[in-house]
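In what follows, a single structure is set out as structure tokens and then discussed.
The numbers here are math on the coordinates, done by the rules we state, and not lab data. What you see is a predicted model; the values in this text were computed from it and never measured. Please note: Cβ atoms are built from the backbone with ideal geometry, for glycine as well, and neighbour counts cover all protein chains shown.
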Amino acid sequence: MNTVTLPAELRQRIGEARRQNYSVGFVPTMGYLHSGHLRLVQQAGEENDLVVVSIYVNPTQFGPQEDFARYPRDLDTDRRLAEEAGVGLLFLPDTATIYPAGPDGQQVWIDPGAMAQCLCGASRPGHFRGVATVVAKLFHLVQPDRAYFGAKDGQQATIITRMVADLAFPIEIRVAPTVREKDGLALSSRNVYLTPDQRHEAVALSQVLNLAKAYLTAGGRNARELEKVARDHLTRAAPLGRIDYVTAVDLVTLQPAPDEIDRDIMLALAVYFGRTRLIDNRVVRFTPSGLEFQ
Ligand code: AMP
């Protein structure tokens, strides 16, 4: 595995790969790698000749009261895990590369519009502007054929997919399934913040997704009732948690699903345990052969 920091080194390595006609798969991360990230790396390796992973904790996607400074970091372990997973090129840009004028000096942003203002965007103003902007920069630097995102961050995956379509990036976005702990909790770098009691209750998030599947499979189609089923379960099973949102949204626009669900939706939820905010979601598609749950 090669490790690069500067754009010129990156260009050189990518250029070598291109001269050998290698396809390039890219996995952007903020590090503190876990099996969820490695699932993306694995898929990228199956579909491309060279896998590039970036690690960059992007300051502009954190609000002033959020955990940028204390976001978990462990570069030595990340390097080892990346190497073992078959990453060919590890890109560790510094802030001078990503924000030449400094994070506060950035003038031109990518604004994902209404898709960025709902769900996580409502409680994290500016978050998806920061995400879309840094991902666009990384795409320009790496110039991959395909880029890999986790379904766990469903709003992010939808926004990036839309950005690539709306701005004509020549990149295919691939969304990989959420990797979970044995009890169902979605893996997240932030799970390390949870106390044992919070960790115990956090399983309620994935239980809600199973209840949603049961509700829809039994023929339920009322979006507001579905949200109530989900909310009631969280209130009962996770009294230490504080619900940020539980919303059934149109999968394409991310706006609230109509009362009578008649299209592909995502049931998305976010719950605070102390200052730690956990998210999860379930995508439900209407296919000719019936409902498909992801
Ligand atoms: P992060 O380092 O948290 O920015 O995540 C980097 C990428 O890994 C994003 O595309 C995430 O959606 C994805 N990811 C994070 N956790 C998981 C998970 N449990 N399963 C699948 N993908 C994940």
Original post:
lysines near Lys213 by alpha-carbon distance under 30 Å, same-chain residues fewer than 8 away left out - which ones?
Top reply: Lys152, Lys182, Lys228
Original post:
Given charges of +1 on the Cβ of Lys and Arg and -1 on the Cβ of Asp and Glu, with all other atoms neutral, how large is the dipole of the chain about its Cα centre, in debye to the nearest 20?
Top reply: 220
**OP:** Would you list the P(r) distribution for region 7-137, with all Cα-Cα distances sorted into 5 Å bins from 0 and each bin expressed as a whole %?
**Re:** 2, 9, 17, 19, 20, 16, 11, 4, 1, 0
**OP:** Mind ranking 99-110, 219-230 by how tightly packed they are, going by the mean number of other C-beta atoms within 10 angstrom, highest first?
**Re:** 219-230, 99-110
Subject >> Computed over region 80-171, Cα set: Rg, Dmax in Å >> reply: 14.3, 40
Subject >> Total formal charge among the other residues, if their Cβ is under 14 angstrom from that of Ala270, Lys/Arg +1 and Asp/Glu -1 >> reply: +3
**OP:** Bin width 5 Å, alpha-carbon pairs only: give the P(r) of the chain as whole percents, running from 0 to the bin holding the largest distance.
**Re:** 1, 5, 12, 15, 18, 17, 13, 10, 6, 2, 1, 0
Original post:
Measuring from label point to label point, each 7 Å out along Cα→Cβ, what is the Leu240 to Asp259 span in nm?
Top reply: 3.9
Subject >> Prolate/oblate/rounded label for region 152-204 (Cα gyration tensor, a/c 1.5) >> reply: prolate
Original post:
Once you treat every alpha carbon in region 171-264 as an equal point and sum by Debye, what is log10 I(q)/I(0) at q = 0.12, 0.23 Å⁻¹?
Top reply: -0.46, -1.26
Subject >> Calculated [θ] (222 nm, deg cm²/dmol) that DSSP helices of n ≥ 4 give over the chain, each run adding -39,500 (n - 2.57) >> reply: -11500 deg cm²/dmol
**OP:** With a Förster radius of 51 Å, plug the Cβ-Cβ distance of Tyr272 and Tyr22 into 1/(1 + (r/R0)^6) and report the FRET value to the nearest 0.05.
**Re:** 0.70
Subject >> Peptide ranges 87-98, 179-190, 162-173 listed from the most packed, as the mean C-beta count within 10 angstrom indicates >> reply: 87-98, 179-190, 162-173
Subject >> Per residue convex hull volume, Cα atoms of region 93-247, in Å³ >> reply: 154
Original post:
Taking Rh as the Kirkwood radius, which is the inverse of the mean 1/r over Cα pairs, what is the Rg/Rh value for region 249-294?
Top reply: 1.09
Subject >> R0 of 25 Å, Cβ-Cβ distance Asp197-Glu225: FRET efficiency to nearest 0.05 >> reply: 0.25
Subject >> If the convex hull is drawn through the Cα atoms of region 1-78, its volume per residue in Å³ >> reply: 109
Original post:
Label Trp109 and Asp67 with points 7 Å out from Cα along Cα→Cβ: what is the distance between them in nm?
Top reply: 2.3
**OP:** Considering only Pro72, Pro64, Pro177, give the residue with the highest GNM mean-square fluctuation for the chain, with springs between Cα atoms whenever their separation is below 10 Å.
**Re:** Pro64
Subject >> Ranked by how many other beta carbons lie within 10 Å on average, peptides 147-159, 197-209 from highest >> reply: 147-159, 197-209
